[in-house]
Amino acid sequence: MATINTLHRGVNRVRRFRFVARVGSGLSVFLTLVVWALLLVFFLDLFLNTDTFERVLLLGVVVIAALWSLRKHVLPALAQTESRVSMAAMVERQQGIPSDLVATMQFADKKRNQYGSEELRAAIVTQTVEVSGRLNYLEGFSRPDLWKRFGGAVISVLLVGLLLIWQGEYAQIFFKRMLFNEVSYPTATKIADIVSPGSKSVYGKPIHFRIQVGGVIPEDGEITIETKGGTLSRIKLVPEEPGSTMFVGQLDMAIDDINYTVALGDAVSEKQQLQIIPVPIVEMELDVNIPEYARHRFHEASANSRSRVVLEGTTIKPRVVSSKSLSNVTLAVNDQPVEVEAKDDDKNWGLVLPKEGNIFADAKANPFADLQETIHYRVEVKDMDGIELERPIGGVIQVRPDLPPRIAAATVIDLALPNAKPRIKYRAVDDYAIGGLSARILIERDGEELQTETISIPLGDGEEILMDIDSNAQVDLSTFSLEIGDSVTVTLIVRDYRGDTEGEATEADPLVLEIASRSDFLAAMRKVDAQTDEKLDQIIQAQLGIGDRK
């Protein structure tokens, strides 16, 4: 059977032509749409001065349109397939010939089951082979649609290309902006530099804008400010001085992050972000350690969180606490610097001590230790953002002194027998605790000092805190080998209790007893009436000033 290669080549040529026509037409439409969409984005970006977010939206629309066109025009053309038999049928219709081309391809197909006369099939194939060599297979297949769409794409590309070449600087800037670079289109007025406020400003403080301008210098300008809530406000920009290229403006305060754009002449800046940084909230925490012996009675008083009224001998552990991390803390006590350091973290600062854990013991390192007089302190800080407090924080530690105890004593008569145990009525008072009571005995004979001795006077079981003792003390004179005519001076001494520190001592007025005979003593006693004890109490109270101080 004759070969039909010529027929196959002709049919394949038609199939390739139709594939190129379909895909080329689809790509032409796709390219045309993308080019004009980008041109539209260019004009929108140029005249609206879009920000980054708006450019993202515009590019997103272009991408969606391009994907739609690709799906609508290109992908179907690529997916469509046509067999040789269908192409042969199309050639028959275009050439106006019988169905011999299709029949010949089927008769020549060795994979098909053949029916009928073999001689007839061979004759049809031979006849068709002779005809196929003379056929114009592309005759009747029109190309105008392909050329129209391809021409439209070429014209679009040329027009946009010429425009981009003509405005090359604008085109370069456009593509940079589409890549989200912060550049602007050329203007007569140029915003050379936004000198201040930078990217950060302090909460609640005035914000000063300084804009350096070049090119055509306008008379004034403005800054448009947008808050997080979407509120817009405007600030006027004016030359720093007549003829200056530096424009200035001020926002009284801001309490939250803002975005702003600068407009001067025909120049508009990109949207700028300004972060509002909070001022550190700093407090001075005072860990007050009142002397243990006075805790039952002394109650710390404070005028505010930074000042205290404390008892003499009190130790305070100061700690600077901040709401933000601090880079530097300066502490001064009575205008003298005190070394401090960060403790747990950069938000907590305390004293630098030579002995770890000995905060209450080292008065050299801690001027707040064992306070004996009122002190003033001042704290200055700087946080990690370089923000300092508008004014230092400070306070006063007022020290209340622990006054010495008081004591007064009196006797019924100023005579005593040599072996007697005269009773001395006394009253001792202290603010916090009485630590001990003693008596100093001075014996004189014939005007000369014979003997001096101090004896202890018991106060009780020692467990109870005594602040006011109204009692009697007996002095045993039998141990001193006294003679009639001797003079015995008894001085009661009271000492207050101050813990590990030695207490303060106070002496009562000395009581002088004359050693007398029995008859002289009895005669003096007869003069003592029943109101003697009451009179002694009045004398003692007068000496102590009871009522003036509790």
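Among residues belonging to the stretch 300-332 that are on the phi < 0 side of the Ramachandran plot and assigned to a loop (DSSP other than H, G, I, E, B), point out the one that is nearest to the chain's Cα centre (by Cα).
Step one: list which residues in the stretch 300-332 are on the phi < 0 side of the Ramachandran plot, which gives 300-312, 314-332.
Subsequent filtering for residues that are assigned to a loop (DSSP other than H, G, I, E, B) retains 300, 305-306, 312, 314, 323-325.
Values: GLU300: 33, SER305: 23, ARG306: 23, GLU312: 39, THR314: 35, SER323: 7, LYS324: 5, SER325: 7 Å.
Ranking the candidates gives LYS324 first.
Pick from the stretch 333-347 the residues that are out of contact with any Pro (no Cβ under 8 Å at 6 or more places or on another chain) and in a strand (DSSP E or B): which of them is farthest from SER322 (Cα to Cα)? Steps first, please.
Step one: list which residues in the stretch 333-347 are out of contact with any Pro (no Cβ under 8 Å at 6 or more places or on another chain), which gives 335, 337, 339-347.
After this cut, where a residue has to be in a strand (DSSP E or B) as well, the list is 337, 340-342.
Values: PRO337: 20, VAL340: 14, GLU341: 13, ALA342: 11 Å.
Step by step, filter the stretch 333-347, then rank; the result is PRO337.
Counting just the residues of the stretch 473-513 that are among the polar types (S, T, N, Q) and surrounded by fewer than 14 Cβ atoms within 10 Å (Cβ to Cβ), which one comes out nearest to PHE298 (Cα to Cα)? Can you show your working first?
The initial filter retains those residues of the stretch 473-513 that are among the polar types (S, T, N, Q), namely 474, 478-479, 481, 487, 489, 491, 501, 506.
In the following step, the residues that additionally are surrounded by fewer than 14 Cβ atoms within 10 Å (Cβ to Cβ) were identified as 474, 478-479, 481, 501.
Numbers: GLN474: 33, SER478: 44, THR479: 43, SER481: 47, THR501: 17 Å.
Residue satisfying both the conditions and the ranking: THR501.
Within the stretch 196-226, take every residue that is part of a strand (DSSP E or B) and β-branched (Val, Ile, Thr) and give me the one that is farthest from the chain's Cα centre (by Cα).
Here is the first cut: in the stretch 196-226, the ones part of a strand (DSSP E or B) are 196, 200-202, 207-215, 221-226.
Okay, now just the ones that are also β-branched (Val, Ile, Thr), so 202, 207, 211, 213, 223-225.
Working: VAL202: 12, ILE207: 20, ILE211: 29, VAL213: 35, ILE223: 28, THR224: 28, ILE225: 24 Å.
Going through the qualifying residues, I end up with VAL213.
Could you check how many residues of the stretch 395-410 are in a strand (DSSP E or B) and over 27 Å from THR479 (Cβ atoms)? Working first, answer last.
First, the residues of the stretch 395-410 that are in a strand (DSSP E or B): 395-400, 406-410.
Subset that is over 27 Å from THR479 (Cβ atoms): 395-400, 406.
Total meeting the criteria: 7.
Taking the conditions exactly as written (outside the structural domain of ASP45 (by TED's automatic domain parsing) and over 18 Å from MET246 (Cβ atoms)), does GLY204 satisfy them or not? Write out each step before concluding.
Details: outside the structural domain of ASP45 (by TED's automatic domain parsing): yes; over 18 Å from MET246 (Cβ atoms): yes.
Yes; evaluated as a whole, the condition is true for this residue.
Quick grid of which residues meet (1) farther than 24 Å from ASN419 by Cα; (2) without any contact (Cβ under 8 Å) to a residue 60 or more places away in the chain; (3) among the aliphatic types (A, V, I, L, M):
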residue: GLY447; (1), (2), (3): no, yes, no
residue: ILE455; (1), (2), (3): no, yes, yes
residue: VAL475; (1), (2), (3): no, yes, yes
residue: ASP496; (1), (2), (3): yes, no, no
residue: GLY499; (1), (2), (3): yes, no, no
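Among the strands (runs of 3 or more DSSP E) lying completely within the stretch 227-287, list those that include at least 2 residues that are hydroxyl-bearing (Ser, Thr, Tyr) and touching a residue at least 12 places away in the same chain (Cβ under 8 Å). Reasoning before the result, please.
Numbers: elements: 232-239, 246-251, 258-264, 272-277.
Answer list for the stretch 227-287: 258-264.
Return the total of residues in the stretch 362-384 being under 33 Å from the mean Cα position of the chain (by Cα), in a loop (DSSP other than H, G, I, E, B) and surrounded by fewer than 16 Cβ atoms within 10 Å (Cβ to Cβ).
Final tally of qualifying residues: 1.
Quick one: would you say ASP500 is at negative phi and out of contact with any Leu (no Cβ under 6 Å at 6 or more places or on another chain)? Working first, answer last.
On the way: at negative phi: yes; out of contact with any Leu (no Cβ under 6 Å at 6 or more places or on another chain): yes.
Answer is yes for this residue.
Would you mind telling me which numbered condition in (1) surrounded by 14 or more Cβ atoms within 10 Å (Cβ to Cβ); (2) modelled with pLDDT of 85 or more; (3) closer than 15 Å to ILE375 by Cα PRO337 fails?
For PRO337, the exception is condition (1).
Consider only pairs whose beta carbons are under 7 Å apart and that are at least six residues apart or on different chains; among these, list those whose first residue lies in the stretch 366-377 and is over 11 Å from LEU331 (Cα atoms) and whose second residue is among the acidic types (Asp, Glu).
Hits for this filter: ALA369/ASP362; LEU371/GLU312; GLN372/GLU312.
Of the residues that sit in the stretch 51-73 and are of a type in the set (Gly, Ala, Ser) and surrounded by 12 or more Cβ atoms within 10 Å (Cβ to Cβ), which one is nearest to LEU27 (Cα to Cα)?
Within the stretch 51-73, the match that is nearest to LEU27 (Cα to Cα) is SER69.
Within the stretch 67-82, is there a residue that is modelled with pLDDT under 70 and assigned to a helix (DSSP H, G or I)?
First, the residues of the stretch 67-82 that are modelled with pLDDT under 70: 80-82.
Next, only the ones that are assigned to a helix (DSSP H, G or I) stay: none.
No, the stretch 67-82 has no match at all.
Take the residues in the stretch 164-180 that are of a type in the set (A, V, I, L, M, F, W, C) and not in a helix (DSSP H, G or I), then tell me which one is modelled with the lowest pLDDT. Can you show your working first?
Filtering the stretch 164-180 for residues of a type in the set (A, V, I, L, M, F, W, C) gives 164-166, 171, 173-175, 178-180.
Adding the requirement that they be not in a helix (DSSP H, G or I) leaves 179-180.
On the way: LEU179: 81, PHE180: 78.
Checking each candidate, the answer is PHE180.
Matching residues to (1) surrounded by 15 or more Cβ atoms within 10 Å (Cβ to Cβ); (2) over 60 Å from the mean Cα position of the chain (by Cα); (3) more than 16 Å from GLU514 (Cβ to Cβ); (4) among the charged types (D, E, K, R):
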{"position": "PRO405", "(1), (2), (3), (4)": "yes, no, yes, no"}
{"position": "ASP431", "(1), (2), (3), (4)": "yes, no, yes, yes"}
{"position": "ILE434", "(1), (2), (3), (4)": "yes, no, yes, no"}
{"position": "ALA439", "(1), (2), (3), (4)": "yes, yes, yes, no"}
{"position": "ILE455", "(1), (2), (3), (4)": "no, yes, yes, no"}
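Checking ILE194 against (1) at pLDDT 90 or above; (2) over 19 Å from LYS271 (Cβ atoms): exactly one of these is not met. Which one?
(2)
So is GLU444 surrounded by fewer than 13 Cβ atoms within 10 Å (Cβ to Cβ) and among the charged types (D, E, K, R) or not?
Values: surrounded by fewer than 13 Cβ atoms within 10 Å (Cβ to Cβ): no; among the charged types (D, E, K, R): yes.
No; evaluated as a whole, the condition is false for this residue.
The values are calculated or read from the model by the stated rules, or taken from the named source; none is laboratory data. Computed from a prediction, not measured in an experiment: that's the story for all the values here. Because the Cβ atoms are built from the backbone with ideal geometry, glycine has one as well, and the counts that use them run over all protein chains shown.
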